[in-house]
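The structure appears below as structure tokens.
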Amino acid sequence: VSRLFYIKDLKMKRLTLLLLICASTIASRAHDFEASGIYYNFSSTTDLTLEVTHKGNWVSTSSDHYSGAVAIPSTVTYNNKVYNVTSIGNMAFYGCNSLTSISIPESVTSIGDKAFYKCNSLTYITIPERITSIGKNAFEGCSNLYRVFNCSNLAISKGTSSYGYVAYYAKRVLNLDKLTAIDNYEFYTSEGEHYLAYYTGSNSNLVLPNNYNGENYNIDDYAFYNYSNIASITIPESVASIGTYAFNDCNNLISVHIKDIAAWCNIDFGDYYAN
């Protein structure tokens with residue numbers, strides 16, 4: 001009897017171990033596939049659409065599967081088929097504390113619940129034109145999300161909890177038609193004036209563009225706010241003004257070179273800060 005019990009117990013332990021291994025395998029592969037460091041689920045294999053998701057089948061408040069600057073593509077080729085990326089799924093970037101910037105393509109129409117929950121290093125976000133919905137608590141706890149550039153038709157207002165808290169902590173909310181990228185610098189035009197909105201690259205020694213489409217431009221409020229990586233910056237004579245808090249909390253900025261400084265005698269610096 002004892003031998004029979006031992007054999008049954010051993011079989012049960014082996015079965016339990018096998019189930020655990022299978023569960024672990026499933027957990028680690030819960031996303032449908034990965035491409036260039038971004039994880040996807042199929043939204044529709046008929047319409048060939050994808051949603052961005054997290055790695056595996058669960059996430060935690062200290063997720064590290066996304067970090068630094070992440071640029072989501074509008075299309076992804078998988079098994080010789082071209083899929084459109086149309087959504088950011090629930091909890092896709094949940095707790096990614098090292099995520100510093102996110103580029104969302106125009107193909108995306110929705111952002112899921114808690115998609116960017118507690119992404120504390122995220123300081124700015126651009127809501128593309130085709131976004132029609134932002135899920136519950138999508139940006140709750142992004143306490144450093146100071147700038148929101150809204151190119152959609154959503155009525156996003158500074159300091160409110162609507163649309164997933166996207167502008168709850170914002171110091172600046174701009175409703176724009178579009179942003180234009182030039183060499184990792186994002187520009188917009190308002191009332192005939194051109195503005196450098198923010199920088200999406202990772203260089204520590206920056207040389208700003210000589211002009212914007214052949215014309216002078218302004219450095220926007222909070223443009224480089226909290227960009228701790230910057231060590232030096234060269235500002236061309238085509239820059240007409242520097243906005244409020246443009247370089248605030250740039251703690252490693254030690255060198256600022258201004259071309260043709262004589263022409264800056266009458267420049268409007270606004271409330272310019274640099275630490």
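The values are calculated or read from the model by the stated rules, or taken from the named source; none is laboratory data. None of these values were measured; they are calculated from a predicted model. Glycine also receives a Cβ, built like all others from the backbone with ideal geometry; neighbour counts cover every protein chain displayed. Heads up: the accessible areas ignore ligands, DNA and RNA and are worked out on the full protein's heavy atoms, side chains in. Shrake-Rupley method; radii C 1.70, N 1.55, O 1.52, S 1.80 Å.
Quick one: with all protein chains in place, what share of the accessible area of the stretch 155-262 is carbon or sulfur, to the nearest percent (1.4 Å probe)?
The computed percentage sits at 39.
Kindly rank 217-225, 205-213, 98-106 from highest to lowest mean number of other beta carbons found within 10 Å of each residue.
217-225, 98-106, 205-213
Mean shadow of the stretch 156-224, computed from the convex hull of its alpha carbons, in nm²?
So the mean shadow area of the Cα hull is 5.5 nm².
Diagonalise the Cα gyration tensor of the stretch 71-144 and give the resulting equivalent ellipsoid semi-axes, square root of 5 times each eigenvalue, largest first, whole Å.
The equivalent ellipsoid of the stretch 71-144 has semi-axes of 22, 13, 11 Å.
Grab the beta carbon distance between ILE182 and ASN57, set R0 = 51 Å, and tell me the FRET efficiency rounded to 0.05.
Numbers: r = 40 Å, r/R0 = 0.78.
The calculated FRET efficiency here is 0.80.
With a 1.4 Å probe and all protein chains kept in place, how much accessible area does HIS257 have, in Å² rounded to the nearest 10?
HIS257 exposes around 100 Å² with every protein chain in place.
Please list, by residue number, everything in the stretch 141-160 whose backbone N is under 11 Å from a paramagnetic label point 7 Å out along Cα→Cβ of ASN175.
150-158
Which pairs, out of LYS81/LYS136; LYS136/LYS171; LYS81/LYS114; LYS81/LYS178, put more than 28 Å between their alpha-carbon atoms?
Among LYS81/LYS136; LYS136/LYS171; LYS81/LYS114; LYS81/LYS178, the Cα-Cα distance tops 28 Å for LYS81/LYS136; LYS81/LYS114; LYS81/LYS178.
In Å², what does the accessible area per residue of the stretch 87-217 work out to with a 1.4 Å probe?
Ligands and nucleic acids excluded, the result is 43 Å² per residue.
Pop a pseudo-label 7 angstrom from the Cα along the beta-carbon direction at both SER232 and PHE42 and give the gap in nm to one decimal.
Distance between label points: 5.3 nm.
Counting only the backbone N, which residues of the stretch 176-198 are under 18 Å from the spot 7 Å out from the Cα of SER103 toward its beta-carbon?
Answer for this model: 178-188, 196-198.
Relative to the present Cα-Cα distance, how much length would full extension add between ARG130 and SER202 at 0.36 nm per residue of separation?
23.2 nm
Compute the distance in nm between two label points, each set 7 Å from the Cα along the Cα-to-Cβ direction, one at SER190 and one at ILE258.
Computed distance between label sites SER190 and ILE258 equals 2.3 nm.
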